[in-house]
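I have a structure I would like to understand better, so I am pasting it below and will then ask my questions one at a time.
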Amino acid sequence: MSTWAPVEYTGVAELRGPLVIVRGVRNVGWDEYATIILESGERRHGLVLDVDRDLAVVQVLEGTGGLGAETTRVTFAGSPLRVPVGAGWQGRVCNGRGRPLDGGPPILGDDSAPVAGFPMNPTVRQPPTEPVITGVSAIDALTTLVRGQKLAVFAEGGLPHLELAAQVAAQAHTGGEPFSVIFAAMGLTHGDAATVRDILERRSSAAELTLLLNLAGDPVIERLLTPRIALTVAEHLAFVLRRHVLVVLADMTSYCEALREVSAARGEIPARRAYPGYLYSDLASIYERCGRIRGRPGSVTVLPVLSMPGGDITHPVPDLTGYITEGQILLSREVPSYPHIDPLSSLSRMMRAGAGEGRTRPEHLDLAAQILAGLSRARQAGELADLVGESALTRTDRRYLAMAQAFLVGLLAQRPDEARTLADTFDRAWQVVSVLPRSELSMLGEQALEAGYRGQE
Amino acid sequence: MGTVTRVNGPLVEVRDLAGAAMFELVLLGPYRLPGEIVRLSGSHATVQAYEYTGGLAPGDPADRGGAPLSALLGPHLLGGVYDGLLRPLTGAGTWLDPAVSSSAAVARSWQFTPLVGQGGRAAPGTAIGRVEDAGSLPYLVLSPGGEVSAISRPGRYPHDAAVAVVGGTEVRLTRSRQVRQALPYASRLDEAVPLVTGQRTIDLLLPVCLGGTAAVPGGFGTGKTVLLQQIAKWCDADVVIYVGCGERGNEMADVVAELAELPDPRTGGRLIERTVVIANTSNMPMMARETSIYTGVTVAEHFRDMGYAAVVIADSTSRWAEALREFASRSGTLPAEEGYPADLASALAAFYERAGRVVTLGGDTGSVTIIGAVSPPGGDLTEPVTTQTERFVRTLWALDRDLAYARHYPAISWRESFSRDAGALTRHDPENASRRARVGRLLAEADRLTTLAELVGAGALPARERIGLLAGRLLREGFLRQSSLSVRDAYCRASRTALIADALLAVVERCQDLVEHDVPAAAVEDRDFSPVLRAKEAPEGEIAARRDAVLNDLETLR
Ligand SMILES: Nc1ncnc2c1ncn2[C@@H]1O[C@H](COP(=O)(O)OP(=O)(O)O)[C@@H](O)[C@H]1O
Ligand SMILES: [Mg+2]
């Protein structure tokens, strides 16, 4: 924007971890965007974390490797970082800072927007009411994803959470309304990234997909930007271009590690497990960017995906995520088949508003409640059977165990490349409850039972 | 005029602020972002900024505001949604950009009726006039004390108009008040009066007083927000101040939409008209979270002074404590437990101390009740905010993850929770005291027996103990469980709570009597208890008949 060359500062006072401390700066603002020029002419990028009189602390997104204190030059943009926004992002593959990896031209937008975003005025929020259909039976039937919701996926170690995230990203739709997916990958290995790209092939041909890839070998600090770029682009697609946008953020644990690294380099007082005390607010500044706006058609739905270190749900990353998101889908090793979703530990808090009459099926909420109640009873019966033997169970309890088995085989188990229609999912759900005697189905109304029940009694 | 020297997120340092005072408002940079002085050394001030400070730079100007951080109190409050500094959010633009100043909705005119005549005396705190169109309650304009030298005639006046001169002071419809200092009152009242919440578990077992304090600790998904929203909707207070402190935007939208729909049974208006919503969601500036708690209490005190029962509901006080920690850490304060500043305990104590039932300056009775959610990291109830809060509140509703996973809502643990006011509240109501004691005993006994049954199997227990287990199940399902989704049961009035409890107690007593007269426990367990278990979904008039149906059915076993 400026017509004069920006001031170049050469007074690098200190290099520490991902930080450069520049001396002699004037009129540099907090959170301003910086460009760091190496002796070789290479350009890196950074953000101002602290500015005290003439000293600016800059966090370098690509890391400080190879920077020399005498030879490095730094310029400041005069404002916080903005990115281009517009339809041009669709169908593109970029790195974690939004630079093309697909051989295409740089992305030019119709407009630009600050990556930090602005908080949405809570009084203009429209409470979410319609579903995103994921084509994954266990999600659509029991933890329905709702447009404008943030719903997290938590995975115990070694489970294919990235496959599930990619499957949802590849299959999801909003029943014919304009729909886009932005998949922001953080800290993925080459192998994982290849798997994710394979699964996403199906959608990227439809030009509705944007892929931002920060790989495990890429600069760690760059990850701090990746979800924010994804959301800035998403907000524009949703609220200006009127699309429903699903933003998948995987793996948020890698993101949080980057945040911890910067915090440690700054010598900040750590809170739980050495994560910074502001982890909650930082995560909220990402997850809260979902929603709908009254009187506007689009929506932003956020699906943060994360691996739980040590399988521990009380670890700060899943814990604080759970405090912010509107429910969670838990992948557990105790569930033997893909997608390994443990229905009893999973919950979509928005489901009540997004499922049922006129949205999915009239009997949806009752059917889901009945399945969950049945699974819970089956779990108790299973524990009892482990103690005293299956023969000691009542006839009814045995029917519950059979129902849980039917659930696992008939509804939950699904291939990673299998997209199920809602009709198919509901068909399977009715098969599951029909294993139980009709008299046990106290949560379903007469009319629904008449139409759906296929058991003998 | 001072100059910014350092910007580190919400921490801003300013030099040359001659004459400034602690807690004074400071306006920072070209967009005049509000901040508050939290440390002064000579003319060098440390300022806590209440907006995003991106772009603010050393060298930028900083202006003294001349007064402590204050909130604008007035007839506009009821029915509105405000940010942590009590600035209206309704009409403030889709995206909250601090560089775009908004002139939202305080400015309107109000229907004023004088209550005193010119030339009379009006003691401090007494009403000199009222505004009728300010929500579901008359909004009272209070006297600063003195002779009424001028008073406006009935009519419509703009919000900033002086409607009277009392003791030489102009009295306006709106006034600005510091938020960190409690508004004065004449004296505290000791007598215990219940706040009826409509939640059975609370009203019978774990009651809270008008002017009392309650905390709701619980991990995520245990039902804190739903419980607080239920209380906001159904409790019998006059005014509810709902503070969303660092929580979800969708929840705020939801609660506002619901309150706007629901009729207020006492006034025929809408519930939103007795509610003030302060929304500082988790993605809004963190430091405004810190003030939103005080702003909320100040609004409550303001209505208390008009003689009303006000309730402050804060979801969640943990996010407020985190804001304290964040700022302390940036300003280099020595950390205590888990990085929280050493004054966390005194800050919590001071906040809950602002609750109370009082005689107002004007001689009326009013109260401020405070109910706060606590969000312990990892559900760990030994963390500092939870343990410190437990010290200062009179009532604790601890939410239990296992109950929530079993979809037992509200997931209030009858073991971990307490109410220090229960004794005082039932002192003059022996019937309720005995009801409470019996239900409490049966629940405790059932817990003990459940542990035992897990070891030896329920079948191995003597008949009397098996009935003890049955009693626990009946009370949990028929009394404690209360779905917020149920049309009839979301709210349960006191008389109904007593009827349901008595019906269940009568059934339990009959069961005990039967096994004492050698009826096998299994035969009793097999009877159909659903009429009393579902009594909570039935009209009040049917409850006795349902109880009798079960009692008669049990009689056939003899
Ligand atoms: N009294 C209740 N009745 C029915 N459902 C409830 C009740 N309390 C909680 N729930 C369920 O639990 C979910 C989580 O509750 P919420 O209050 O949001 O938890 P928290 O605020 O503790 O994280 C809700 O979305 C709802 O499905
Ligand atoms: Mg909550």
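The values are calculated or read from the model by the stated rules, or taken from the named source; none is laboratory data. These numbers were taken from a predicted model, which means no experiment stands behind them. All Cβ positions, even for glycine, are placed from backbone atoms using ideal geometry, and neighbour counts span all protein chains on display. To get the accessible areas, we keep the full protein, side chains included, count just its heavy atoms, and leave off ligands, DNA and RNA. Shrake-Rupley method; radii C 1.70, N 1.55, O 1.52, S 1.80 Å.
In square angstrom, what is the accessible area per residue of segment B:430-555 with a 1.4 angstrom probe?
48
How big is the convex hull of the Cα atoms of segment B:430-555, per residue, in Å³?
106
Still on this structure, please answer the following. Normalised by the empirical 2.2 N^0.38 Å for globular proteins, what value does the Cα Rg of segment A:8-80 take?
0.93
Considering protein heavy atoms only and a 1.4 Å probe radius, which residues within segment A:111-145 exhibit an accessible-area decrease of no less than 20 Å² in the full assembly relative to the chain by itself?
Buried on complex formation: A:PHE118, A:PRO119, A:MET120, A:ASN121, A:PRO122, A:THR123, A:VAL124, A:ARG125, A:PRO127.
Once you wrap a convex hull around the alpha carbon atoms of segment B:208-278, what is its projected area averaged over all directions, in nm²?
With every direction weighted equally, the projected area is 5.1 nm².
Report Rg (one decimal) and Dmax (nearest whole number) for the protein assembly as shown, counting Cα atoms only, units Å.
My reading of the Cα-based Rg and Dmax gives 30.4, 100 Å.
With θ set to phi - 60° and the Karplus curve 6.51 cos²θ - 1.76 cosθ + 1.60, what are the ³J(HN,Hα) couplings of segment B:273-286 in order, to the nearest whole Hz, using x for Gly and Pro?
Here the 3J(HN,Hα) series is 6, 10, 10, 10, 9, 10, 10, 10, 5, 5, 9, 7, x, 4 Hz.
Further question: Within segment A:58-85, list the residues whose amide N lies under 15 Å from a label point set 7 Å along Cα→Cβ of A:THR10.
Only A:68-75 fall inside the zone, counting backbone N under 15 Å.
Could you give the angle, 0 to 90 degrees to the nearest 10, between helix B:317-330's Cα long axis and the longest principal axis of the Cα atoms of chain B?
Tilt relative to chain B: about 40 degrees.
Mind checking which of A:ALA448, A:LEU145, B:THR275 is farthest towards the positive end of the protein assembly as shown's charge dipole, using Cβ charges of +1 (Lys, Arg) and -1 (Asp, Glu) about the Cα centre?
B:THR275
So what are the three principal axis dimensions of segment B:2-68 from its Cα atoms, in whole Å, longest to shortest?
Computed over the Cα atoms, the extents are 27, 19, 17 Å.
Provide, as a two-decimal number, the C-alpha radius of gyration of segment B:107-173 over 2.2 N^0.38 Å, N being how many residues it has.
Cα-based Rg divided by the globular estimate yields 1.00.
Another one. Residues of segment A:288-335 that become at least 50 Å² less accessible with every protein chain present than in their own chain isolated, using 1.4 Å: which are they?
Those are A:GLU288, A:ASP319, A:TYR323, which lose 50 Å² or more relative to the chain on its own.
From the gyration tensor of the Cα coordinates in segment A:83-353, what semi-axes in whole Å does the equivalent ellipsoid have, largest first, with each one equal to sqrt(5λ)? List each step's numbers first, then the result.
Values: eigenvalues 117, 101, 77 Å².
Working from the Cα gyration tensor, I get semi-axes of 24, 22, 20 Å.
Once amide H atoms are built 1.01 Å from N in the peptide plane, which residues 5 or more positions from B:TYR409, or in another chain, come under 5 Å H to H?
Answer set, sorted by chain and number: B:GLN482.
Please report, to two decimal places, log10 I(q)/I(0) for segment A:323-410 at q = 0.20 Å⁻¹ as given by the Debye formula with identical point scatterers on the Cα atoms and no solvent.
-1.05
Compute from the Cα atoms of segment B:135-287 the Rg and the Dmax, the latter being the longest Cα-Cα distance, and quote both in angstrom.
19.2, 58
Looking at segment A:218-315, which trypsin sites (Lys or Arg not before Pro) are in a loop (DSSP not H, G, I, E or B) and have at most 15 other Cβ atoms within 10 Å?
Answer by residue number: A:ARG242, A:ARG294.
Determine the equivalent ellipsoid of segment B:262-412 by diagonalising the alpha-carbon gyration tensor, then write out the semi-axes as square roots of 5 times the eigenvalues, largest first, rounded to whole Å.
Equivalent-ellipsoid dimensions as semi-axes: 28, 21, 16 Å.
Also, quick follow-up: What number results when the radius of gyration of chain A, computed over Cα atoms, is divided by 2.2 N^0.38 Å?
1.09
So how do B:HIS159, B:HIS408 rank on accessible area, 1.4 Å probe, biggest first, that is with the largest at the start?
B:HIS159, B:HIS408
Tell me which lysines have Cα within less than 18 Å of B:LYS224's Cα, excluding those fewer than 8 residues away on the same chain?
The qualifying lysines are B:LYS233.
A follow-up question, please. What's the magnitude of the charge dipole for segment A:364-452 around its Cα centre, counting Lys and Arg as +1 and Asp and Glu as -1 at the beta-carbon? Answer in Debye, nearest 20.
Details: 9 positive and 12 negative charges, 31 e Å.
I would put it at about 160 debye.
Mind jotting down the three principal axis lengths of segment A:208-322 based on Cα atoms? Whole angstrom, largest first.
44, 28, 27
Shifting gears a bit: Could you check how many percent of all C-alpha pairs in chain B are farther apart than 38 Å?
Looking at chain B, the distances longer than 38 Å represent 37 percent of pairs.
Also, quick follow-up: Compute for chains A and B the buried accessible surface, both sides summed, probe 1.4 Å, and express it in Å² to the nearest 100.
When A and B are taken together, about 5000 Å² of accessible area is lost.
Mind putting a number on the dipole of chain B about its Cα centre? Charges go on the C-beta only, +1 for Lys and Arg and -1 for Asp and Glu, and I need it in Debye to the nearest 20.
Dipole magnitude for chain B comes out near 800 debye.
Taking amide hydrogens as modeled 1.01 Å from N in the peptide plane, which residues meet the under 5 Å criterion relative to B:ARG6, leaving out close sequence neighbours?
Those qualifying (amide H under 5 Å, at least 5 residues apart or on another chain) are A:ARG53, B:GLU13.
Quick one: what are the phi-derived ³J(HN,Hα) couplings along segment A:349-362, Karplus 6.51/-1.76/1.60 with θ = phi - 60°, whole Hz, x for glycine and proline?
5, 8, 4, 3, 7, x, 10, x, 2, x, 10, 10, 9, x
For segment A:364-452, what are Rg and Dmax over the alpha carbons, in angstrom?
13.9, 41
Nothing charged except the Cβ atoms of Lys and Arg (+1) and of Asp and Glu (-1): what's the magnitude of the dipole of segment B:430-555 about its Cα centre? Round to the nearest 20 debye.
Here segment B:430-555 has a charge dipole of around 560 debye.
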